[in-house]
Each structure stands twice: as C-alpha cells, then as structure tokens.
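Asker: This is the structure I have questions about; it appears just below.
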Amino acid sequence: MTAPWPYPRWIAHRGAGKLAPENTLAAFRLGAQHGYRMFECDAKLSSDGVPFLMHDATLARTTNAAKVLGAGASPTGGDHSWAALAQLDAGHWHARQYAGEPLPTLDNIAHFCLANGYFLNIEIKPTPGHEATTGRVVAEHAARLWRGQAVPPLLSSFQPEALAGAQATAAHLPRALLVDTLWDGCLDVARQLGCVALVCNHALWDAALVHKVQGLGLRCLSYTVNDEWAAQRLIALGTDGIITDRVDLFSPAG
Ligand code: G3P
Ligand code: MG
C-alpha cells in the first residue's frame, strides 16, 4: 500500500541548480522566484556537529577556504568547526554578485522553508567515514525543526548507513534511498530502511522498474533531469518526482 505523497513533482536541485551558488540561501530564493516550492540540498556536519549545506567533501570548489583558512588547512569541510566555516564566502566562486554569501546551516534553510511553506528534500551527504553520525544528527535537527508541521522534510542518501542513523533517531521522518546504479539488493535495502521512495539516476527508470518499485509501495523520483525529453519520459512512465537544475526551463506548475 503506497502512502499519500505530500510533495510537489518538481524539485529544485541544490536550490536553483547552476543559476546561483549551489546550496546557499541565495539559490533557494532564486528557485522560489522561478515558482519552485520544493528544494533539494546536501547536508553534512562540521567537526563540532553542526549540519550545514555543501555538496563536496572538500571546500575548494565552492568556497574561498584557501584564502581564509590558509593553504596548510585541511581541504575537508567536515574537519573544520562551524565557527571557521561560517567565515567562508560560498558565493563569489559563482559570480561577483554573490560575493559574501555564507554557507547556510540546515537550521537556516529550515527557517526559510518553514516561513514560506516550502518543502525540503535533505540529502544526507556525509563526509566519508561519518555516515551513521551524519544521519543521526541531521535527523535530530530535522525532527526538532519540523516538529508539529504537517509535511516533514524527505531525508535521502546514497549511504544506507546514513539512512539507518536517521531511522534510529527519528523513524517518523520519511526516507529515500538514492541510487546511481541498481546495485544488488538495493530494493531490499530500501525496504529494510523503511524508505518511502527510491530516487534514481533518471536513466535507470523504465516501465519494468517503475512497476517493481511501485509494487513495493515506494514512490519513484529522479535526479538530475535537465532535458525536456527526459522529463517527458519520466512523466509518461508515471514517476512521482523530478529533481532539476533547470528551474529556468521547467515550470513547476506542470
Ligand atoms: O539528491 C539528488 C542528487 O542531488 C544526488 O546527486 O551528487 O547532485 O548530490 P548529487
Ligand atoms: Mg544532492
């Protein structure tokens, strides 16, 4: 029996895809300006356990860490305290107009979403080696931040250990397994983890897989869909959610 699905079909990847610095509040605001009401973000932990938004394990691509923390500092985001990470510029790498944009905490993003009635998909993206702890802490924060809300955030991860940590901490929060390939036993793992959805690399979906996954009572979501033909295919297959960078191409009303 498939549970009711409270989320919209269209989900803005990392806030607004590539149109603004990923995983920042500026990106969420831009995605919202394009009409998006649900957002995906990547969350990991600082060394002192603060969940913050960042995709990569390392700071180099999306911050000015080398300048602020010094060339000798660890390149790994999760090796630094939140006090240090909060000093970084996470916008200038993208464009001058975003210079000074800070890394957001998960709490910052939660407040933005809750104040505006937006939905959130938190991808638990642990620093390697910190899978279970990241799942636990992200779920703990999410449970506190969304307490009493009708629609909780969807917690997803490529890492079963992270989802197990989330399940152990806040079993009531919906979970989804992310897969880039259909590895052996992935559907069994999704079921064992009490997942409500499977989020696939969009190319993996075909009618047989949709049928199988729906038969297990799971919803079918896709990442990262940036072409019209791919979106049409997924909609025709009867899938439930599309994560896209192209907030400027796809109208979320569709
Ligand atoms: O959550 C869907 C998608 O974001 C997974 O891939 O690498 O963009 O985090 P990635
Ligand atoms: Mg992601």
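The values are calculated or read from the model by the stated rules, or taken from the named source; none is laboratory data. A quick note: this is a predicted structure, and the numbers were derived from the prediction, not measured. Note that we place each Cβ from the backbone using ideal geometry, even for glycine, and neighbour counts take in every protein chain shown. Just so you know, the surface numbers come from the protein's heavy atoms only, side chains and all, with ligands and any DNA or RNA stripped out. Shrake-Rupley method; radii C 1.70, N 1.55, O 1.52, S 1.80 Å.
Asker: As an exercise: evaluate A71 against (1) open to solvent by 30 Å² or more (accessible area, probe 1.4 Å); (2) in contact (Cβ under 8 Å) with a residue 40 or more places away in the chain; (3) more than 16 Å from ligand 2 (Cβ to nearest atom) and give the number of the one condition it does not meet.
Answerer: With respect to (1) open to solvent by 30 Å² or more (accessible area, probe 1.4 Å); (2) in contact (Cβ under 8 Å) with a residue 40 or more places away in the chain; (3) more than 16 Å from ligand 2 (Cβ to nearest atom), A71 is out only on (2).
Asker: Residue by residue through the stretch 158-175, note down the ones that are open to solvent by less than 10 Å² (accessible area, probe 1.4 Å) and touching a Lys or Arg at 6+ places or on another chain (Cβ under 8 Å).
Answerer: Listed by number, the residues that qualify are L163, G165, A166.
Asker: Let me ask another. Just for the stretch 234-254: of the residues that are closer than 21 Å to G17 by Cα and more than 16 Å from ligand 1 (Cβ to nearest atom), which one is least open to solvent (accessible area, probe 1.4 Å)?
Answerer: P252
Asker: Kindly indicate whether any position in the stretch 180-196 is within 15 Å of P8 (Cα to Cα), touching a helix residue (DSSP H, G or I) at 6+ places or on another chain (Cβ under 8 Å) and either small (G, A, S) or exposed (fewer than 14 other Cβ atoms within 10 Å of the Cβ) (or both).
Answerer: no
Asker: Which count do you get for residues in the stretch 1-15 that are modelled with pLDDT of 95 or more and more than 12 Å from the chain's Cα centre (by Cα)?
Answerer: Going through the stretch 1-15 one residue at a time, the tally reaches 6.
Asker: Among the residues of the stretch 15-44 satisfying the criterion of being open to solvent by 10 Å² or more (accessible area, probe 1.4 Å) and in a loop (DSSP other than H, G, I, E, B), which is farthest from ligand 1 (Cβ to nearest atom)?
Answerer: For the stretch 15-44, the residue satisfying everything is G35.
Asker: Related question: May I ask you to list the residues in the stretch 113-157 that are away from ligand 1 (no atom under 16 Å from the Cβ), without any contact (Cβ under 8 Å) to a residue 40 or more places away in the chain and open to solvent by less than 40 Å² (accessible area, probe 1.4 Å)?
Answerer: If the condition is that a residue be away from ligand 1 (no atom under 16 Å from the Cβ), without any contact (Cβ under 8 Å) to a residue 40 or more places away in the chain and open to solvent by less than 40 Å² (accessible area, probe 1.4 Å), then A132, A139, A143, L145, W146, P152 are the ones that fit.
Asker: Turning to a different aspect of this structure: Cβ contacts < 7 Å: first residue without any contact (Cβ under 8 Å) to a residue 60 or more places away in the chain and closer than 20 Å to I242 by Cα, restricted to the stretch 183-209; second residue buried (at least 18 other Cβ atoms within 10 Å of the Cβ) and basic (K, R), any location; separation 6+ or different chain. Result?
Answerer: Once the first residue is without any contact (Cβ under 8 Å) to a residue 60 or more places away in the chain and closer than 20 Å to I242 by Cα and sits in the stretch 183-209, its partners that are buried (at least 18 other Cβ atoms within 10 Å of the Cβ) and basic (K, R) give C195/R175; A197/R219.
Asker: Going by the conditions given, is I11 under 22 Å from L234 (Cβ atoms), open to solvent by less than 60 Å² (accessible area, probe 1.4 Å) and not in a loop (DSSP other than H, G, I, E, B)?
Answerer: yes
Asker: Would you please name the residue that is farthest from N121 (Cα to Cα), looking only at residues in the stretch 213-225 that are surrounded by 15 or more Cβ atoms within 10 Å (Cβ to Cβ) and either of a type outside the set (A, V, I, L, M, F, W, C) or within 18 Å of the chain's Cα centre (by Cα) (or both)?
Answerer: Going through the qualifying residues, I end up with Q214.
Asker: If you don't mind, another one. Check T62 against each of (1) surrounded by 18 or more Cβ atoms within 10 Å (Cβ to Cβ); (2) in contact (Cβ under 8 Å) with a residue 60 or more places away in the chain and name the one condition it does not meet.
Answerer: Of everything listed in (1) surrounded by 18 or more Cβ atoms within 10 Å (Cβ to Cβ); (2) in contact (Cβ under 8 Å) with a residue 60 or more places away in the chain, T62 misses just condition (2).
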